[in-house]
1. Give the residue, chosen from 245, 249, 286, 268, that is out of contact with any Lys or Arg (no Cβ under 6 Å at 6 or more places or on another chain), under 15 Å from residue 326 (Cβ atoms) and aliphatic (A, V, I, L, M).
2. Could you give every pair whose Cβ atoms fall below 9 Å, whose first residue belongs to the stretch 90-102 and is touching a residue at least 12 places away in the same chain (Cβ under 8 Å), and whose second residue is among the aromatic types (Phe, Trp, Tyr) and surrounded by 10 or more Cβ atoms within 10 Å (Cβ to Cβ), counting only separations of at least 6 or pairs across chains?
3. Does the stretch 312-324 contain any residue that is under 25 Å from the mean Cα position of the chain (by Cα), at pLDDT 85 or above and either in a helix (DSSP H, G or I) or aromatic (Phe, Trp, Tyr) (or both)?
4. Can you tell me how many residues within the stretch 87-106 are touching a helix residue (DSSP H, G or I) at 6+ places or on another chain (Cβ under 8 Å), assigned to a helix (DSSP H, G or I) and under 18 Å from residue 74 (Cα atoms)?
5. Just give me the residues in the stretch 292-311 being farther than 18 Å from residue 282 by Cβ and over 9 Å from the mean Cα position of the chain (by Cα), in sequence order.
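The values are calculated or read from the model by the stated rules, or taken from the named source; none is laboratory data. As the structure is a prediction and not an experimental result, all values here were calculated from the model. For neighbour counting, all protein chains shown are included, and Cβ atoms are generated from backbone atoms with ideal geometry for every residue, glycine included.
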Amino acid sequence: MSEQDTSLPAIARAAAIPPLLALIALTLVIWALTGAGSLWPMWPAWAFLVIIAVRGVRIWGRRSDQPGARVPAAYAAVGVIALTALWGMSGGGYFWPVWPMLGIVIALSVASMIGRSGTAELEVRVDELTRTRAGAVDVQASELRRIERDLHDGAQARLVALSMQLGRAEDRLAGKGADDADLKLVREARLEATAAIAELRDLARGISPPVLADRGLEAAVQSLADRTGSQVTVNAEIDQRPPPAVENAAYFVVAEALTNAAKHSPGASVRVTIWRDHEELGIVVADDGLGGADPTGSGLTGLRQRVEALDGWLEVRSPAGEGTTVRAILPCG
């Protein structure tokens with residue numbers, strides 16, 4: 001979408017100033033041709049100029065990005081000038097325009113107070129929504145960590161015990177020369193339990209890894225790097241642990257970036273840099289792979305939404321042949 005032209009010539013054209021000036025000039029010509037005399041053209045000229053000024057202010061207000069209280073002030077200035085000119089044209093004397101001018105000032109003051117009151121209420125509402133959203137995100141992060149812990153210590157542990165018992169049952173049946181069908185049934189049950197453990201482990205890791213809750217972001221990212229390969233280097237400077245929701249978001253930014261690098265540029269070296277500066281946590285994951293990543297893909301879009309939910313921002317730069325850099329900033333306040 002193109003930006004609107006807010007220059008004075010553009011507003012003048014939109015306000016139809018040239019045609020109105022032409023009408024004023026035509027009125028003066030008619031006055032001159034009719035023998036001059038009393039300068040009656042000043043009255044239509046005054047009306048034309050007021051119309052021009054009002055239209056110009058209206059168009060400027062529509063095109064201005066942040067008109068604020070300037071538009072009412074501009075209308076008031078037009079009114080004051082028009083009344084003063086009318087007083088002068090009518091012969092001067094008692095300065096009666098002072099009363100409508102006083103009314104304009106009172107109206108502007110009341111409108112300004114109402115505007116400030118509305119702005120203050122809006123700011124309070126925005127602050128309240130920001131706090132409640134942050135609280136909801138923190139509660140969600142805590143709940144996800146609780147679910148991960150329950151999966152790890154509950155269902156996953158029971159499946160591991162079941163798999164071990166099935167393994168011992170399989171060994172005993174094999175030692176007693178049991179029927180091949182019975183052995184096959186127990187073996188398939190053990191394999192299914194093993195597959196269920198793997199799926200449950202992946203699910204729990206997708207929620208939040210235990211090392212993240214126990215030892216923090218640096219250890220969790222280093223664990224990711226160790227699993228990905230020796231070509232990943234981690235440089236983390238975090239003097240204070242961020243909130244759980246921020247840690248979760250930062251972890252998944254790194255996890256998604258490493259997954260994409262391993263998938264699309266296997267063998268490329270990856271550098272992970274994490275730092276905390278005052279109230280912000282910064283993450284940069286850069287690789288020297290093939291580049292050409294799609295920032296609108298589902299994975300990166302999900303990351304961007306996760307980061308923006310915390311009032312952060314995420315940027316992806318991936319020129320073809322020059323590698324990919326994922327940069328995210330998360331507020332920690």
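1. Matching residue, one of 245, 249, 286, 268: 268.
2. 97/87
3. Yes.
4. Number of matching residues: 4.
5. 292, 293, 294, 295, 296, 297, 298, 299, 301, 302
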